[in-house]
């Protein structure tokens, strides 16, 4: 009987430890697997570990476990400030090498869990020791960090978009619509996960005239909000106004045009992204009809809205 008591106590303690709740931080959810490396690197710089569950191509990123709420709240402040502003604390229970989220809205069924080894603040590690837990089987692997050439190979993208443009016009004795359709092409490159640059061509068609713009933009992508990543950018380029008939003194006029843009990226896969964006550009054209100087039209600005598709390679 005396020998039985310690055995029962040990089994009871073991069962309690296996079902004990642990405190984690849910950092974000992403659809693109390529984004996981960037999140892992940022957490590594802050000194925190990363765990990932995957279901239906949706990856949920966690950091932890933490010893207590105080430690988790301290980490949460850093993560919100430097990685994801909408991160929050969750309680997880570990049962038979599987992670289950206690909150009903966050339940993950049959998850694949990747738990990193004890975290140390190491800059640019060449390999990472990773424990993979799947279907109750535990294995340990070494993951090679992507080289700079491997990372840059996925940083290029091309895009096509369609939309409408509203021009701010001053018309004197001339009838001209201020609304036009437009299309745009772009080629871009990500320097970092948040900063990228594009080369653009925009075409806008008016009644009796069209505008061609060759421009470049520098953009900053913010942290995802749910599954959408907003971005802001500055635009600058050369705009050319061409009249399709000879009733104006200058049939072709060109000027430098500055502008700003605001957009949203919605990833559909590792390579495909839907984009929605709007841009505002300043114009400075004054076209005078050849018949009379009192017949003229002035272009002050344009406001465009587009929806398009990007392909990363």
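In terms of surrounding Cβ atoms within a 10 Å radius of their Cβ, 178, 161, 269 rank from fewest to most as 269, 178, 161.
In this structure, residue 300 and residue 46 have a Cβ-Cβ separation that, at R0 = 51 Å, corresponds to a calculated FRET efficiency of about 0.60. If the label point is 7 Å along Cα→Cβ of residue 194, which residues in segment 23-43 have backbone nitrogen under 12 Å from it? Within reach of a label on residue 194, which here means backbone N under 12 Å from a point 7 Å along Cα→Cβ, segment 23-43 contributes 42.
A Förster distance of 22 Å, applied to the separation of the beta-carbon atoms of residue 36 and residue 227, puts the FRET efficiency at 0.90. The simple spin-label model puts a point 7 Å past each Cα toward its Cβ; for residue 307 and residue 234 those points are separated by 3.2 nm. Here residue 185 and residue 29 are evaluated by their C-beta separation; at R0 = 35 Å the FRET efficiency comes out at 0.65.
Site pair residue 178 and residue 286 shows an inter-label distance of 1.9 nm when each label is modelled 7 Å from Cα along Cα→Cβ. Calculate, in whole percent, how much of the Cα-Cα pair population of segment 151-312 lies beyond 26 Å. Roughly 33 percent, rounded to a whole number.
The length gained by stretching the chain between residue 272 and residue 74 to full extension, at 0.36 nm per residue less their Cα-Cα distance, is 67.6 nm.
Placing a pseudo-label 7 Å from each Cα along the Cα-to-Cβ vector at residue 255 and residue 214 gives an inter-label distance of 2.0 nm.
If I stretch the segment between residue 82 and residue 54 completely, what's the gain in nm (0.36 nm per residue apart, minus their alpha carbon distance), one decimal?
Numbers: separation 28, 0.36 × 28 = 10.08 nm, distance 2.37 nm.
That pair, residue 82 and residue 54, stretches by 7.7 nm at full extension.
With a 10 Å Cβ neighbour count serving as the proxy for reagent exposure, in which order, fewest first, do 197, 281 appear?
Working: 197 14, 281 22.
If I rank by nearby Cβ atoms, fewest first, I get 197, 281.
Throughout, read-outs are computed from the coordinates displayed, never taken from laboratory work. Computed from a predicted structure; not experimentally measured. Positions of Cβ are backbone-derived with ideal geometry, glycine not excepted, and every protein chain shown enters the neighbour counts.
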